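Notes follow the structure.
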Amino acid sequence: MNSVLAAYVAAAIGVPVIFFLLRKCFPSLTVHELPSRSLDDLKKEFFKWDLFYFACFISLAGATGYIWWVVFSKIEPLNAARFREATICVSAAGYVWSFPAMVAGMGSGGFLADQLFKIILKNRYSEYTFYQSAKYKINVAKLGIPAYIVTVAATLIMVLMISNWYTLFSADHVTVKRLFAVSEDKLMYSDVSHIITAPSFIAPNGKVVSRREYVIRFATGKSWTTNLAPTDLTLGQKLHIAQFVSRMSGVPITEVKMLEKDEVY
């Protein structure tokens, strides 16, 4: 689940950066563009509406995000059919699809919340957007369409990348397509030098994680680890893969006390 932690770190860094860029690209309305009513008057009227909008956005983003996750999760069985020649196919599944689903959910939730508020506020909706622009220092009216375009593009890119993230164990070789790689790596069983496992490993922060992982090393200097598989493998699945590679390569599985962080990451 190290990818989840990475996502939280990326969000903590990325959100302030995104707001900074949005304020630069879509600066707030000038004094002359604001409505005749003062900002204080708008705040009195729309402060609670803004809180309600946020609650609607969160609720709708969560609901539609879950629906998108269900839709994207259907890609995993399609990958299994796509690589049916492989004896074992390890492709993206489960929580991995929550990342594009989260982005798609935010776009869907924002769109639905906007439509809902247009219906509720009617003629007052334009004043509400003025209030939002002044509050967040972003021209909300001009942000809409570009934001949706970026959201759709980001979702499609993430879906394409994740759907092409896999490891295939075939009769004579292992095919590894990593998340950010352009091409596949073909690793021969004849090049397997070690298959090691341990009940725990050292994480990048130096802490010991009590979880069994397997590392397959190749004479070419490359390696593959169950810890970086595109899905959360069960202990049985990890053992099955290690035993299959051991049988195909003739290299036994070696138990060690602990795996170092540079072995599992």
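A short reminder: the numbers here are calculations on the coordinates, not readings from a lab. In this text the structure is predicted, and so the values were computed from the model without any measurement. Please note: Cβ atoms are built from the backbone with ideal geometry, for glycine as well, and neighbour counts cover all protein chains shown.
Candidates His240, Val174, Ser126 compared by Cα position along the dipole of the chain: farthest toward the positive end lies Ser126, with charges placed on Cβ. About its Cα centre, the dipole of region 168-264 is roughly 180 debye, where the only charges are +1 on Lys and Arg Cβ and -1 on Asp and Glu Cβ.
Taken about its Cα centre, region 84-222 carries a charge dipole of roughly 580 debye when the Cβ of each Lys and Arg holds +1 and the Cβ of each Asp and Glu holds -1.
Ordering Ser249, Ala219, Trp97 by the projection of their Cα atoms onto the charge dipole of the chain, which places +1 on the Cβ of Lys and Arg and -1 on the Cβ of Asp and Glu, puts Trp97 at the extreme positive end. Just how far, in whole angstrom, is region 93-118 from region 165-180 if you go by their alpha carbon centroids? Answer, in whole Å: 31. Tell me which lysines have Cα within less than 26 Å of Lys142's Cα, excluding those fewer than 8 residues away on the same chain? Leaving aside lysines fewer than 8 places away in the same chain, those within reach of Lys142 are Lys24, Lys43, Lys44, Lys48, Lys118, Lys122.
Counting only helical runs of four or more DSSP H residues, what would the 222 nm mean residue ellipticity of the chain come to if each run contributes -39,500 (n - 2.57) and the total is spread over all its residues? Result for the chain, helices only: -18500 deg cm²/dmol. Calculate, for Ile157 and Leu39, the FRET efficiency according to 1/(1 + (r/R0)^6) with r their C-beta to C-beta distance and R0 51 Å; round to the nearest 0.05. Taking R0 as 51 Å, the efficiency between Ile157 and Leu39 is 0.85. Nearest 0.05, what FRET efficiency do Arg124 and Lys261 give at R0 = 51 Å with Cβ-Cβ as r? The calculated FRET efficiency here is 0.35. Charging the Cβ of each Asp and Glu at -1 and of each Lys and Arg at +1, and nothing else, the dipole of the chain about its Cα centre rounds to 480 debye. Consider a paramagnetic label point 7 Å from the Cα of Ser170 along Cα→Cβ; state which residues of region 82-119 have an amide N under 13 Å from it. Answer for region 82-119: 83-89.
For the chain, the relative contact order works out to 18 percent when only alpha carbon pairs closer than 8 Å and six or more residues apart are counted.
Sequence-distant contacts, meaning Cα pairs under 8 Å at least 6 residues apart, place the relative contact order of region 168-264 at 31 percent. Extension gain, Gln115-Val208: 0.36 nm per intervening residue step, less the Cα-Cα distance, totals 28.6 nm.
Going by the alpha-carbon gyration tensor, a ≥ b ≥ c the square roots of its eigenvalues, is the chain rounded (a/c under 1.5) or, if a/c is not under 1.5, prolate (a/b greater than b/c) versus oblate? Cα axes put the chain in the prolate bin.
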